[in-house]
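Data block below; observations after.
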Amino acid sequence: QNVARVRAVQGEWAEAWQGLDEAAHWFHQLRDRLFETGCRSEQGHVLRWQGRLAEAEAVYRVTLGLWRDLGQHGAVAHELECLAFLAGAQGAGERAACLLGAAEALREAGGYAMTPIERREYEPAVAQLRTQLDEADFSRAWAVGRALSLDEAVSNALETINPEAAS
């Protein structure tokens with residue numbers, strides 16, 4: 001799993017995918033839902049980094065629910081951020097800001113800090129989003145997201161960004 005994650009960061013997509021798929025298989029055999037879900041989430045990242053947005057969205061829609069069911073709220077926050085990145089990339093800026101606001105509130109409530117890799121991706125995505133929206137719309141959407149409960153944020157995130165991703 002760790003070798004596959006390094007390969008993903010290095011842009012070795014096929015090798016990363018294969019390693020994550022193999023690790024997920026073994027974690028499934030071991031009935032380790034936490035690590036299996038982690039591998040699947042990493043596969044979503046690989047797809048997103050390749051620009052395969054609809055496929056990434058489909059993966060995140062599954063892993064978001066699994067993380068919630070496992071009680072891993074820090075991971076839920078990260079999946080919300082990933083779905084926000086997808087929304088922003090698809091021109092749904094207000095939705096992206098709402099999801100990022102929800103993720104921020106969830107991270108603050110539970111004390112879930114971002115990893116350096118997450119932070120490195122997050123900051124430019126937020127800066128880009130600020131160029132898509134005027135400040136009032138950005139702030140309003142962010143505040144709406146911050147006010148959502150965990151279940152409301154997950155429900156909001158599971159609404160399809162790209163209708164083709166749901167099929």
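For the reader, a short list of remarks on this structure follows.
- Scattering profile of segment 36-120 at q = 0.11, 0.21 Å⁻¹ [log10 I(q)/I(0), Debye over alpha-carbon scatterers]: -0.26, -1.00
- Mean projection area, nm², convex hull over Cα of the chain: 9.2
- Here the Debye sum runs over all C-alpha atoms of segment 1-58 as equal scatterers in vacuum, and log10 of I(q)/I(0) at q = 0.12, 0.19 Å⁻¹ comes out as -0.24, -0.59.
- Based on Cα contacts under 8 Å between residues 6+ apart, the chain shows a relative contact order of 19 percent.
- Calculated P(r) of segment 69-167 - Cα pairs past 21 Å, %: 27
- Accessible surface, the chain, averaged per residue in Å² (probe 1.4 Å): 51
- Heavy-atom surface analysis with a 1.4 Å probe gives the chain a carbon and sulfur content of 52 percent of its accessible area.
- The phi torsions of segment 33-49, fed into the Karplus equation with coefficients 6.51, -1.76 and 1.60 and a -60° offset, translate into couplings of 5, 4, 6, 4, 5, x, 5, 5, 4, 4, 5, x, 4, 4, 5, 5, 5 Hz, rounded to whole numbers, with Gly and Pro shown as x.
- Distance from the alpha carbon centroid of segment 110-153 to that of segment 19-54 works out to 24 angstrom.
- Approximating the spin labels as points 7 Å out from Cα along Cα→Cβ, the D21-to-E135 distance works out to 4.9 nm.
- The stretch between L34 and V9, if pulled fully straight at 0.36 nm per residue, gains 6.9 nm over its current Cα-Cα span.
- With a 1.4 Å probe rolled over the protein heavy atoms of all chains, the accessible area of R107, R33, R7 falls in the order R33, R7, R107, largest first.
- Length added when fully stretched, A147-W49, from 0.36 nm per residue minus Cα-Cα: 32.3 nm
- Note that segment 108-115 has calculated 3J(HN,Hα) couplings of 5, 4, x, x, 8, 6, 6, 6 Hz, one per residue in order, obtained from phi through the Karplus relation 6.51 cos²θ - 1.76 cosθ + 1.60 (θ = phi - 60°); glycine and proline are x.
The values are calculated or read from the model by the stated rules, or taken from the named source; none is laboratory data. These figures come from a predicted structure and were not determined experimentally. In this analysis, Cβ positions are derived from the backbone assuming ideal geometry, glycine residues included, and neighbour counts consider all displayed protein chains. When the accessible area is computed, the model is the full protein with side chains, heavy atoms only, and any ligands, DNA or RNA have been set aside. Shrake-Rupley method; radii C 1.70, N 1.55, O 1.52, S 1.80 Å.
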